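What follows is a set of notes on a single structure, which appears directly below.
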Amino acid sequence: MPRNRKSTYLRVLELLKQTGGGVSVKELCGKLDLSSMAVRRQLMLLEGDDLVLTLEEKKKSGRPVQQYYLTEKGHESFERDYAGLAMELLVGIRSLDGRTKVNELFEWRSKEHVERCRGRVLGKTLEARVHQVTQVLTQDGYMATWEKLGPKRYLIKEMNCAVARVARKFPHACVYEQEFLSELLQAKVTRKHHILQKDHFCSYLVEG
C-alpha cells in the first residue's frame with residue numbers, strides 16, 4: 001500500500017475510534033478535509049480488513065444515512081501487545097493462589113499507580129486534577145478526553161481500553177480503575193458507559 005494511502009487509512013481508522021460511535025461519509029470528509037471518493041476508498045479497504053462495518057440508520061426526515069462503526073477487530077487493533085502475556089500471568093496466579101490473590105494484585109496495582117501519579121494533582125483544583133488525570137490515562141493508551149458539565153461536575157471519556165482483553169477475563173480490573181480515579185481525583189466517580197457492556201467507550205462522571 002502506498003505511503004500516502006496508508007496514512008489516510010490510519011487517519012480514518014483513528015477518527016472512527018475517537019468519535020466513539022457511528023460516523024457518516026459526510027462527517028468524515030469534514031473532519032479529515034478529504035473528498036467523499038477518497039473517504040469511501042479508505043472505508044472499503046477498512047471493511048475488507050474487517051475493521052469497519054456499515055449500518056443504515058433512519059433519520060427523523062429524509063433518506064436513511066449510512067453510518068460507519070469499528071468492528072470488535074477494529075477496536076482491538078488499538079490494544080497493546082503485552083495483553084497476551086498479562087493474561088497468561090493472571091491465569092497462572094489464579095490457578096496457583098486463587099481468585100483472591102488476583103484481586104489483591106489489582107488492588108496493589110491501583111495503589112501503586114495512585115502513588116506514582118499523586119504528585120501531578122497535589123494542591124490543584126478539581127478541574128485541574130481532572131485535566132491531569134485525563135493526560136495520565138491518555139499516556140497509558142486510553143485516548144481519554146474530558147468535558148465540564150457544570151459546577152464541580154465533569155465527564156471523563158476513554159475512547160480506547162488499553163487492557164480490554166484482560167478486563168474481559170478479569171472484570172475486577174475495571175473496578176480498580178474506578179477506585180484509582182476516585183482516589184486520585186478525591187471526588188465521587190460514577191461509571192456511565194462501559195465498553196464491556198457494548199458501549200463504544202467508557203466514561204466516568206466526576207462530582208466534587
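The values are calculated or read from the model by the stated rules, or taken from the named source; none is laboratory data. Quick caveat, the model's predicted, so the values are computed rather than measured. Every residue, glycine among them, receives a Cβ derived from its backbone with ideal geometry; neighbour counts consider all protein chains shown.
Pick from Glu72, Glu112, Glu127, Glu57: which is at pLDDT 85 or above, within 30 Å of Gly22 (Cβ to Cβ) and not aliphatic (A, V, I, L, M)? Talk me through it step by step, then tell me what you get.
Working: Glu112 fails: within 30 Å of Gly22 (Cβ to Cβ); Glu127 fails: within 30 Å of Gly22 (Cβ to Cβ); Glu57 fails: at pLDDT 85 or above.
Of the residues listed, the single one that is at pLDDT 85 or above, within 30 Å of Gly22 (Cβ to Cβ) and not aliphatic (A, V, I, L, M) is Glu72.
Considering only the range 40-54, state which residues are over 18 Å from Gly20 (Cα atoms) and aliphatic (A, V, I, L, M). Write out each step before concluding.
Just the residues of the range 40-54 that are over 18 Å from Gly20 (Cα atoms), to begin with: 40-42, 44-45, 48-49.
Matches in the range 40-54: Met44, Leu45.
Considering the range 118-153 alone, what residues qualify as being within 20 Å of the chain's Cα centre (by Cα) and part of a helix (DSSP H, G or I)?
The answer is Arg129, Val130, His131, Gln132, Val133, Thr134, Gln135, Val136, Leu137, Thr138, Gln139.
Looking at the range 157-199, which of the residues that are part of a helix (DSSP H, G or I) and of a type in the set (Phe, Trp, Tyr) is nearest to Leu126 (Cα to Cα)? So that I can check it myself, show each step before the final result.
Filtering the range 157-199 for residues part of a helix (DSSP H, G or I) gives 164-169, 172-185, 195-197.
Next, only the ones that are of a type in the set (Phe, Trp, Tyr) stay: 176, 180.
Details: Tyr176: 21, Phe180: 15 Å.
It comes out as Phe180.
Can you find, within the range 186-208, the residue that is surrounded by the fewest Cβ atoms within 10 Å (Cβ to Cβ) among those that are under 17 Å from Thr138 (Cα atoms) and of a type in the set (Ser, Thr, Tyr)?
For the range 186-208, the residue satisfying everything is Ser203.
Given the residues Leu149, Leu185, which is the only one that is at pLDDT 95 or above and in contact with a Leu (Cβ under 6 Å, 6 or more places away or on another chain)? Give the derivation first.
Values: Leu185 fails: in contact with a Leu (Cβ under 6 Å, 6 or more places away or on another chain).
Residue meeting the stated conditions: Leu149.
Quickly run through the range 164-194 and pick out the residues that are without any contact (Cβ under 8 Å) to a residue 40 or more places away in the chain and β-branched (Val, Ile, Thr). Even if it seems obvious, please write down each step before you answer.
If we filter the range 164-194 for residues that are without any contact (Cβ under 8 Å) to a residue 40 or more places away in the chain, which is where we start, we get 167-168, 171, 174, 178, 182, 188-194.
Val189, Thr190, listed by residue number.
If the Cβ limit is 8 Å and pairs must be 6+ apart or interchain, which residue in the range 93-121 that is under 15 Å from Asp140 (Cα atoms) pairs with which residue that is surrounded by 14 or more Cβ atoms within 10 Å (Cβ to Cβ) and modelled with pLDDT under 90?
Arg109/Tyr176; Ser110/Tyr176
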